[in-house]
């Protein structure tokens, strides 16, 4: 963990480009809504957040992507609470999936998702990730070019 000038842990969220920060917020909001059984309201909030990037249509894809990861999950995927300053390895991997799909590196995105979802949900998750990545690209947002790599299940901090 890195410490800022004040000695407090650095907020990794602030280092993210705008599109990745909104995707992270959206993933966390989706999980929180599922935990609180607020599914109907969260889609509108996610679409509004992505609308701030001129990519509101990515909201449906993001919700579909998260649903595919949830339904097809082969292990718990760690997504932090809304106020968490640090990203989990799974959150980094999910953001990397969107970036890889946008960059045309679908095989790399599929490898990362295989550590999280089973074969029956892999295609759906990739299709929804492509919906998100395309909407963001059309709005002029190039996602980070980092690697999409999911941590080994034994190394993941599971909640």
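Any read-out appearing in this document is the output of simple, stated calculations on the displayed coordinates, not a laboratory observation. It should be emphasised that the depicted structure is a prediction, and the values quoted were computed from it without experimental measurement. Don't worry about glycine lacking a Cβ; one is built from the backbone with ideal geometry, like all the others, and counts go over all protein chains shown.
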Task: the stretch 66-141: C-alpha gyration tensor shape, a/c 1.5 cut-off, then a/b vs b/c - done: oblate
TODO: Classify the stretch 16-155 as rounded, prolate or oblate, taking a ≥ b ≥ c as the square roots of the eigenvalues of its Cα gyration tensor: rounded when a/c is under 1.5, otherwise prolate if a/b is larger than b/c and oblate if not.
DONE: rounded
TODO: Which order do the peptides 114-125, 86-97 take when ranked by the mean count of other beta-carbon atoms within 10 Å per residue, highest first?
DONE: 86-97, 114-125
- [ ] Once you have a ≥ b ≥ c as the square roots of the Cα gyration tensor eigenvalues for the stretch 10-89, tell me rounded if a/c is under 1.5, and otherwise prolate or oblate according to whether a/b is larger than b/c.
- [x] oblate
Task: Packing-based exposure ordering (other Cβ within 10 Å, fewest first) of 131, 11 - done: 11, 131
Open item on the list: On a full-extension model of 0.36 nm per residue, what is the gain between residue 82 and residue 139, subtracting their alpha-carbon distance, rounded to one decimal in nm?
Closed with: 18.0 nm
Open item on the list: For a quick check: sort 144, 66 by the number of other beta carbons within 10 angstrom, fewest at the front.
Closed with: 144, 66
